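Accompanying notes for the structure given below.
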Amino acid sequence: MNIFLDGKKRFYVCFTLFLLITYGGLIIFLMFRHEPWRDEADAWLLARDNSLFGIIGLMRYAGTPCLWYLMLAPLAKMGLPYAAEFYLHTAVAIIAVGIFLRYAPFPLPIKVLFIFSLYMSFLYAIIARSYCVGILLLFAVASLYPKRFHYPIPYGLLVLFLFNINVHSAIIAGTLLLVYAWEMCFSKCASRETIVGLVVMLLGMVVALAQLWPPPDSQFPGLFVQRHDPSIIKTMISSAFAPGINQETGFLLGLAVMITSFVVWLRTPFSLFIFMVTFMLYSYVLIFKWTGGARHYGLILIALVFCHWIGAHYHSGQSILAACKSLRNNWFNGAYIIQWILLMVSLLFSSHAAIHEWKREIKYDFSGAKEMANYIIGNNLDTLTIAAHKAPHTAAVLPYLRTKQFWYPAEERYGSNMLWNANYRKCINVSYPVALERIKKNFPDRSHLLVLLNQELPTSQNHGLELLYSTRKNGLVNSDERFFLYRFLSAARNQP
């Protein structure tokens, strides 16, 4: 029997390792096929072109804590190529999945479908943003959760970092802080070390709040309410649990996954508390502050998986086979079985959507920025002054170039990363004709000036421009990042 069990364990370990290698190979392959877009470029430019205090000072405008930018800063300031951001991000994704495969107490089919879901194999793994770091920290917290009072300082540091990676991670970090404090006070776990761990978490919360408090000249007015769109909740639930299918069907499936999870969590009320508070605060952000799209919706799925993970610490559930055998005697087991079946169906839809995105990533360009940069570099044009409009879109080209800055006509300034302040918001909708007039006003001598736009000018000659190059039209995922490079006609070069 021992030999049989050892053989079964070896098979499980080998298969888990195979899954990790397969996942890593897929992510690395897709990473090399990915053309970064403006969100990824802006983080690199902000980390590259600002001091430590400059980065921290900009966080109140960006609306996010600074940990992701601080991770990028050493790479960017050492002069490493733009690709370093994606090597780092890919490593983070693979490590996060490695922790999940090793420690998550889930059935193997759930593990397989989860790591190859839309979110874990594309949106949070290929597109380099802070969310993947937040997931890594959350999985590390979950793996250490059973021993959080044995190792309170490492646990506290993980929660501190979780507070400072993005707003959504800070929300769930806040719930973890409350649960830890409650258990410490009422479970007689208080000691000098656990108190230090709690203080570390509180420090993380204070630092995060200091960065997130909006300044007077924020791009969005209003501290608590900026918009109002409660219908977004249906979109969020559908996209989180069943992306790629009819919204009504996806919403019902997602609701069923959540309700059956609530029933299972009646045995683990801390899981229920963490998820409910997280869901309500995520909903508040989406309805009243900023939607953000699929990258924010998927964090609901991540929160649900995390709550099931730590719930296993409070209640050692049976295997699905054992639950089926004792189904007549315990109705909780029925909810347990239904919950896993529904989650598996949900992840099947998500994995199907992921395959579609993998194919699209391989076949099409995610952004035209890399193609435009290759043309500029190949023709030695990156030593010239480039006026670029619209700023957030055209900045996607800048990390590839030797030049450190573009001239942004909407704000009439040289710069690289966006400032995300009230003036930025005021200037974001400056029209292309107005932008061209500002370029002409500020550059009387236009012999060494190029104009980069993310929209074609059908009558460019009327503006004294000739088209040098345009990126491909077909097969572009982000159509607003198709770029057009112009220079001024000889007759117009010296005219104001």
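The values are calculated or read from the model by the stated rules, or taken from the named source; none is laboratory data. Since the structure is predicted, the reported quantities are computational estimates derived from the model, not experimental observations. For neighbour counting, all protein chains shown are included, and Cβ atoms are generated from backbone atoms with ideal geometry for every residue, glycine included. Please note that ligands, DNA and RNA were not included when accessible areas were found on the heavy atoms of the full protein model with its side chains. Shrake-Rupley method; radii C 1.70, N 1.55, O 1.52, S 1.80 Å.
Okay, here's what the table says:
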quantity	calculated
Odd one out for Glu193, checked against (1) closer than 24 Å to Gly174 by Cα; (2) crowded, with 18+ Cβ neighbours inside 10 Å	(2)
Matching option when the condition is more than 17 Å from the chain's Cα centre (by Cα), farther than 30 Å from Glu361 by Cα and aliphatic (A, V, I, L, M), among Ala181, Ala170	Ala181
Only listed residue being surrounded by 21 or more Cβ atoms within 10 Å (Cβ to Cβ) and either at pLDDT below 95 or of a type in the set (A, V, I, L, M) (or both), chosen from Ala93, Ala73	Ala93
Boolean, Asn429 is within 27 Å of Trp290 (Cα to Cα), under 27 Å from the mean Cα position of the chain (by Cα) and open to solvent by 60 Å² or more (accessible area, probe 1.4 Å)	yes
Exclusive hit being open to solvent by 30 Å² or more (accessible area, probe 1.4 Å) and small (Gly, Ala, Ser), set Ser447, Ser460	Ser447
Matching residues, region 60-70, being in a helix (DSSP H, G or I) and either modelled with pLDDT of 95 or more or hydroxyl-bearing (Ser, Thr, Tyr) (or both)	Tyr61, Leu67, Trp68, Tyr69, Leu70
Odd one out for Tyr486, checked against (1) at pLDDT below 95; (2) assigned to a strand (DSSP E or B)	(1)
Among residues of region 82-136, those that are closer than 17 Å to Ser169 by Cβ and either among the aliphatic types (A, V, I, L, M) or part of a helix (DSSP H, G or I) (or both), counted	19
Pair list, Cβ < 9 Å and 6+ apart or interchain, from region 352-378 residues that are over 17 Å from Asn478 (Cα atoms) to residues that are open to solvent by 30 Å² or more (accessible area, probe 1.4 Å) and assigned to a helix (DSSP H, G or I)	Asn374/Tyr400; Ile376/Tyr400; Ile377/Tyr400
Pairs where the first residue, in region 137-165, is in contact (Cβ under 8 Å) with a residue 12 or more places away in the chain and the second is open to solvent by 50 Å² or more (accessible area, probe 1.4 Å) and not in a helix (DSSP H, G or I), C-beta under 8 Å, 6+ apart	Leu144/Tyr151
Subset of region 141-158 [out of contact with any Gly (no Cβ under 7 Å at 6 or more places or on another chain), assigned to a helix (DSSP H, G or I) and within 21 Å of His308 (Cα to Cα)]	Val141, Ala142, Ser143, Leu144, Tyr145, Pro146, Lys147, Leu158
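Rundown of residues vs (1) on the phi < 0 side of the Ramachandran plot; (2) among the hydrophobic types (A, V, I, L, M, F, W, C); (3) assigned to a loop (DSSP other than H, G, I, E, B), yes/no style:
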| residue | (1), (2), (3) |
| --- | --- |
| Leu419 | yes, yes, yes |
| Asn423 | yes, no, no |
| Val430 | yes, yes, yes |
| Pro433 | yes, no, no |
| Leu436 | yes, yes, no |
| Arg446 | yes, no, yes |
| Leu452 | yes, yes, no |
| Glu456 | yes, no, yes |
